[in-house]
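I have placed the structure first, in the form of structure tokens, so that the comments after it can refer back to it.
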Amino acid sequence: LSASSIAENAAGTTVGTLSTTDVDSGDTFTYTLSGSDTASFEISGTTLKLKDAVSANHELQSSYSVTVTATDAGGLTTSQAFTVSVTNANESPSAVTLSASSIAENSAGATVGTLSTTDVDGGDTFTYTLSGTDAASFEISSTTLKLKASTTADYETQAAYSVTVTVTDAGGLTTSETFTISVTNIN
């Protein structure tokens, strides 16, 4: 097999070309699959491919095991087991969440809540940025969303704020979520 890895999220991709060594020069070969993961692969001529309906996912299965049997024109066979590795690809964060969504009236610089991110890539690092209608009233410190010290929440003036938080992972991929921050009325 000319190669032994495939990229994550690649459906129908070619793994590599099969070749066989035989002392009988000019012999021709047909190839068949067996083994625990053969349902995910197919052979087309001398090419081992991941099936079109199968998308490799490194986080779910980082390698596959297949056995290829070469049969020559005379019906003689040889088999070889192969491990096909799935190379990990950076994937976009799938969600950003905020631990709380309200602040008390008359509070300046109040902490709203903690930001967290869902990402299938374990161990990824994230940065957060603000945009949206009321972004100028808020700031992010590490993973904490806070009302700026120069902004005092006043229920009678504005009962809710809208901010969009964009999370960027270490590979530069992003996702965004818009949050409504309500102001609790104080007598």
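The values are calculated or read from the model by the stated rules, or taken from the named source; none is laboratory data. All figures in this text were calculated on a predicted structure; none of them were measured in a lab. FYI the Cβ positions are ideal-geometry reconstructions off the backbone, even for glycines, and counts take in every protein chain you see. To get the accessible areas, we keep the full protein, side chains included, count just its heavy atoms, and leave off ligands, DNA and RNA. Shrake-Rupley method; radii C 1.70, N 1.55, O 1.52, S 1.80 Å.
List pairs: first in the range 102-123 and closer than 19 Å to Val183 by Cα and in contact (Cβ under 8 Å) with a residue 60 or more places away in the chain, second among the basic types (Lys, Arg) and open to solvent by 20 Å² or more (accessible area, probe 1.4 Å), Cβ under 7 Å, 6+ apart or cross-chain?
Val112/Lys146
List pairs: first residue in the range 66-86 and surrounded by 15 or more Cβ atoms within 10 Å (Cβ to Cβ), second residue charged (D, E, K, R) anywhere in the structure, Cβ distance under 9 angstrom, at least six positions apart or on different chains.
Once the first residue is surrounded by 15 or more Cβ atoms within 10 Å (Cβ to Cβ) and sits in the range 66-86, its partners that are charged (D, E, K, R) give Val66/Asp37; Ala70/Asp22; Asp72/Asp22; Asp72/Asp24; Asp72/Asp27; Val84/Asp37; Val86/Glu8.
Could you please give the count of residues in the range 8-32 that are open to solvent by 50 Å² or more (accessible area, probe 1.4 Å), within 17 Å of Phe82 (Cβ to Cβ) and under 30 Å from the mean Cα position of the chain (by Cα)?
Total satisfying the criteria: 2.
Can you find a residue in the range 45-53 that is within 19 Å of Thr69 (Cβ to Cβ), β-branched (Val, Ile, Thr) and open to solvent by 70 Å² or more (accessible area, probe 1.4 Å)?
There is no residue in the range 45-53 that is within 19 Å of Thr69 (Cβ to Cβ), β-branched (Val, Ile, Thr) and open to solvent by 70 Å² or more (accessible area, probe 1.4 Å).
Here's a check for you: in the range 146-187, which residue that is of a type in the set (Asp, Glu) and under 24 Å from Asn90 (Cα atoms) is surrounded by the most Cβ atoms within 10 Å (Cβ to Cβ)?
Asp169
Taking the range 123-177 on its own, how many of its residues are out of contact with any helix residue (DSSP H, G or I) (no Cβ under 7 Å at 6 or more places or on another chain) and assigned to a loop (DSSP other than H, G, I, E, B)?
Looking only at that region, the number is 21.
Per-residue answers, yes or no, for (1) more than 25 Å from Thr168 (Cβ to Cβ); (2) assigned to a strand (DSSP E or B); (3) charged (D, E, K, R):
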site	(1), (2), (3)
Ala39	yes, no, no
Ala53	yes, no, no
Asn57	no, no, no
Thr67	yes, yes, no
Gly74	yes, no, no
Phe82	yes, yes, no
Asp121	no, no, yes
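Filter the range 95-119 down to the residues that are part of a strand (DSSP E or B) and touching a Pro at 6+ places or on another chain (Cβ under 8 Å) and list them by number.
Within the range 95-119, Thr117, Thr118 meet the criteria.
Given the residues Ala89, Ala135, Ala95, which is the only one that is farther than 30 Å from Asp24 by Cα, free of Cβ contacts under 8 Å to residues at least 60 places away in the same chain, open to solvent by less than 50 Å² (accessible area, probe 1.4 Å) and of a type in the set (A, V, I, L, M)?
Ala135
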